[in-house]
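Colleague: Okay, here's the structure, questions in a sec.
Bear in mind these aren't lab numbers, they're just calculated from the coordinates by the rules spelled out. Just so we're clear, the structure is a prediction, and the values are computed from it rather than from any experiment. In this analysis, Cβ positions are derived from the backbone assuming ideal geometry, glycine residues included, and neighbour counts consider all displayed protein chains.
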Amino acid sequence: MDFRLSEEHQALRDSVRDFAREVVAPVIAEHYEQHTFPYEVIRQMGKMGLFGLPFSEEYGGMGGDYFALCLALEELARVDSSVAITLEAAVSLGAMPIYRFGTEEQKARWLPKLLSGEALAGFGLTEPGTGSDAGGTETRAVLDGDEWVINGSKAFITNSGTDITVMVTVTAVTGTRPDGAKELSTIIVPSGTPGFTVAPGYSKVGWTASDTHELTFDDCRVPAENLLGERGRGFAQFLRILDEGRIAIAALAVGLAQGCVDESIKYAGERQAFGQPIGNYQAIQFKVADMEMKAHTARLAYYDAAARMLAGEPFKRQAAIAKLHASTIAVDNAREATQIHGGYGFMNEYPVARFWRDSKILEIGEGTSEVQRMIIARDLGM
Ligand SMILES: Cc1cc2nc3c(=O)[nH]c(=O)nc-3n(C[C@H](O)[C@H](O)[C@H](O)COP(=O)(O)OP(=O)(O)OC[C@H]3O[C@@H](n4cnc5c(N)ncnc54)[C@H](O)[C@@H]3O)c2cc1C
């Protein structure tokens, strides 16, 4: 039992920490305010190799592991969550399905550009009418000769409409199983395919410098070989992708929670009330101590889930616990950090205002807190 980082992981964490402070922090507030995608920051993250972290070198990856990705996400989110979710979705939802389930041709075509960060991909599971109940997918794909004809729509798809987005993978009903249940499969749809429309970006509460769109497919035709993995394995594929993704979202949530501690200590040392810095008051110190306790325990939870995953052991319950706990404490910490900042905490110029707006989605995206509880209870045999 040793939760200390290896030298490689430590070096990665430190370099991403420096990058977040020196490159992301100075420019992100402007992007956040203007709702613009930070292409230049993303390009530099690509040059650092962040998009290739958990992939083998064979496809242009860095030969690292999923834990390395989590460390990078934590450090980015400590400064800003829009860039962190862009990386999380690009790697764990965009490239990973191709890496895990794709044919050699699909890997050779898509992975090198996705792993370099030069291109992005989205993962379309959620639909306007169904999210948590992903088995309720309504989008249909029918095989017509050597083409899939796709009809339906997807909601809230991250990284699906940037200038560098090259494709989305979508889950669709491709038939009926012998037991009467829907047969779900996953299909790659390149950007620009006729019949595939990307709606203008949503107006969001947070993550405003990240890219999110509704997608529609209207008799959209793609070659039969764009099927990802086996026909009918769509459900199993996204369950696997989401299990891993939960660890990554937990890491991102820990980063936000830790960023709240950082900003609170700084502000409490500067802000004077009743003749002294507010950080001298025990009420403020206790808030910060509680915030640190929460960030620390949530970090241990995601380290544990990641360690189990890398050891090839079952990790579903631990990933759900990590995601549930980390997102809960991220919201707690954002609320307390805002409180410590008083009225300035409600002003967008302070990072804690961004943290507050960015925290809530962590209890919703990649499985709501209720869904995490369902997973944990089910794994306990209930
Ligand atoms: C900014 C953003 C980015 C996103 N990016 C992506 C993406 O890239 N790809 C993608 O596929 N999706 C994406 N999503 C979708 C996200 O994963 C879903 O919003 C989420 O899974 C919840 O689904 P829903 O919104 O349909 O809520 P619903 O499923 O309608 O849930 C509504 C409420 O009911 C609760 N509920 C549902 N069922 C039960 C139950 N059985 N018991 C108790 N409570 C229940 C939920 O917990 C929730 O509180 C994104 C969402 C956002 C907002």
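Colleague: Name the shape class, rounded, prolate or oblate, that the alpha-carbon gyration tensor gives for the stretch 20-167, where a ≥ b ≥ c are the square roots of its eigenvalues, rounded holds for a/c under 1.5, and otherwise prolate holds if a/b is larger than b/c and oblate otherwise. Could you put the intermediate results ahead of the total?
Modeller: Values: a/c = 2.05, a/b = 1.38, b/c = 1.48.
Oblate is the answer for the stretch 20-167, as a/c is 1.5 or above yet b/c matches or exceeds a/b.
Colleague: I've got another one for you. How many nm is it between the label spots at MET293 and ALA11, if each spot is 7 Å from the Cα in line with the beta carbon?
Modeller: 3.8 nm
Colleague: Among TYR66, TYR281, TYR302, which one shows the biggest mean-square fluctuation in a GNM of the chain, springs joining Cα atoms closer than 10 Å?
Modeller: TYR281
Colleague: Now for a separate question. Is the stretch 90-249 best put as rounded, prolate or oblate by its Cα gyration tensor, with a ≥ b ≥ c the root eigenvalues, rounded for a/c under 1.5, and otherwise prolate when a/b is larger than b/c, oblate when not?
Modeller: Details: a/c = 1.32, a/b = 1.22, b/c = 1.08.
In terms of gyration-tensor shape, rounded.
Colleague: Filter the GluC sites (Glu not before Pro) in the stretch 106-162 down to the DSSP loop ones having no more than 14 other Cβ atoms within 10 Å, then list what survives. Mind showing how you got there, number by number?
Modeller: Values: sites: GLU118, GLU138, GLU147; in loops: GLU118, GLU138.
Qualifying residues, ordered by number: GLU138.
Colleague: What ranking, highest mean first, results for peptides 222-228, 73-79, 195-201 when packing means the other Cβ atoms within 10 Å averaged over each residue? Don't jump to the answer; show the numbers that get you there.
Modeller: Numbers: 222-228: 17.6, 73-79: 28.6, 195-201: 15.4.
In descending order of packing, they fall as 73-79, 222-228, 195-201.
Colleague: Between GLY131, GLY102, GLY342, which gets the highest mean-square fluctuation from a Gaussian network model of the chain, Cα cutoff 10 Å?
Modeller: Its mean-square fluctuation being the largest, the pick is GLY342.
Colleague: Whole angstrom only: what separates the Cα centroid of the stretch 85-111 from the Cα centroid of the stretch 226-245?
Modeller: 12 Å
Colleague: List, in order, the whole-Hz ³J(HN,Hα) value for each residue of the stretch 189-201 obtained from phi through the Karplus relation with A = 6.51, B = -1.76, C = 1.60 and θ = phi - 60°; use x for Gly and Pro.
Modeller: Each residue's phi maps through the Karplus curve to give 10, x, 4, x, 5, x, x, 9, 10, 9, 6, x, x Hz.
Colleague: Further, regarding this structure: Residue by residue, what Karplus-based ³J(HN,Hα) values in Hz, rounded to whole numbers, does the stretch 273-286 have, using 6.51, -1.76 and 1.60 with θ = phi - 60° and x for Gly and Pro?
Modeller: 8, 6, x, 7, x, 4, x, 6, 7, 5, 4, 6, 4, 5
Colleague: Please build a GNM for the chain, connecting alpha carbons under 10 Å apart, and tell me which residue among ASP179, ASP146, ASP65 fluctuates the most.
Modeller: Result: ASP179 has the largest fluctuation of those listed.
Colleague: Let me ask you something else. For the stretch 258-269, what does the Karplus curve 6.51 cos²θ - 1.76 cosθ + 1.60, with θ = phi - 60°, yield as ³J(HN,Hα) per residue in whole Hz, taken in order and with x for Gly and Pro?
Modeller: 6, x, 5, 5, 3, 5, 5, 4, 4, 5, 5, x
Colleague: Helix-only mean residue ellipticity at 222 nm, the chain, DSSP H runs n ≥ 4 weighted -39,500 (n - 2.57), per residue, nearest 500. What is it? Could you put the intermediate results ahead of the total?
Modeller: Working: 12 runs with 181 residues, N = 382.
Result for the chain: -15500 deg cm²/dmol, rounded to the nearest 500.
Colleague: In addition: 5 Å is the cut-off here: which amide hydrogens, built 1.01 Å from N in the peptide plane, fall below it relative to GLU183, excluding neighbours closer than 5 in sequence?
Modeller: Amide H to amide H, under 5 Å and 5 or more residues apart or across chains, GLU183 pairs with THR174, GLY175, THR176, ARG177.
Colleague: Could you give the length gained on full extension between GLU58 and ARG109, defined as 0.36 nm per residue of separation minus the Cα-Cα distance, in nm? Mind showing how you got there, number by number?
Modeller: Details: separation 51, 0.36 × 51 = 18.36 nm, distance 1.29 nm.
Extra length available between GLU58 and ARG109 comes to 17.1 nm.
Colleague: Counting only pairs 8 or more places apart or on different chains, how many lysine pairs in the chain have C-alpha atoms closer than 25 Å?
Modeller: So the count of such lysine pairs works out to 21.
Colleague: Taking amide hydrogens as modeled 1.01 Å from N in the peptide plane, which residues meet the under 5 Å criterion relative to THR165, leaving out close sequence neighbours?
Modeller: Amide H neighbours of THR165: LEU120.
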